[in-house]
1. Out of the residues in segment 1-11 that are aliphatic (A, V, I, L, M) and surrounded by 10 or more Cβ atoms within 10 Å (Cβ to Cβ), which is nearest to residue 75 (Cα to Cα)?
2. Go through segment 54-69 and report how many residues are modelled with pLDDT under 90, part of a helix (DSSP H, G or I) and surrounded by fewer than 11 Cβ atoms within 10 Å (Cβ to Cβ).
3. Is there a residue in segment 12-33 that is at pLDDT below 90, charged (D, E, K, R) and surrounded by 10 or more Cβ atoms within 10 Å (Cβ to Cβ)?
4. Spot the failing condition for residue 50; the list is (1) in a loop (DSSP other than H, G, I, E, B); (2) surrounded by 10 or more Cβ atoms within 10 Å (Cβ to Cβ); (3) modelled with pLDDT under 85, and only one is missed.
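The values are calculated or read from the model by the stated rules, or taken from the named source; none is laboratory data. This is a predicted model, so every value here is computed, not measured. Glycine gets a Cβ as well: all are built from the backbone with ideal geometry, and neighbour counts include every protein chain shown.
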Amino acid sequence: MTPLSPIQLRQDTAAVILIIDIIKQILERTNDGRAAAMASGVKFGRKPHSATVSALGLIRQRQSFKTLAEKMGISRATYFRLKRKLKTIHFIDLNQ
């Protein structure tokens, strides 16, 4: 590998600075667009599964995982994630 001359180094540095500026502009526009979307009420992320509300109701009634899995067809991981979510919501409600 041959060493770069001072002129080549300056050109490479200028190119890197230009690329960084372009990336900053893209990020600014993206963040502005996200902020505008949030202000207009757009919700980000996945939509909840249709069985989630029903499963949460059954978990509130203290149904076991086995019963819920048979009725709703949800996985063990989903059951415990929803149960943890309920505990968090319940904790927040108690503190208000």
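1. At the first step, the residues of segment 1-11 found to be aliphatic (A, V, I, L, M) are 1, 4, 7, 9.
From the residues that got through so far, the ones that are surrounded by 10 or more Cβ atoms within 10 Å (Cβ to Cβ) too are 4, 9.
Working: 4: 59, 9: 57 Å.
Once the filter is applied, the top-ranked residue is 9.
2. Selection size over segment 54-69: 1.
3. yes
4. Checking residue 50 against (1) in a loop (DSSP other than H, G, I, E, B); (2) surrounded by 10 or more Cβ atoms within 10 Å (Cβ to Cβ); (3) modelled with pLDDT under 85, the one that fails is (2).
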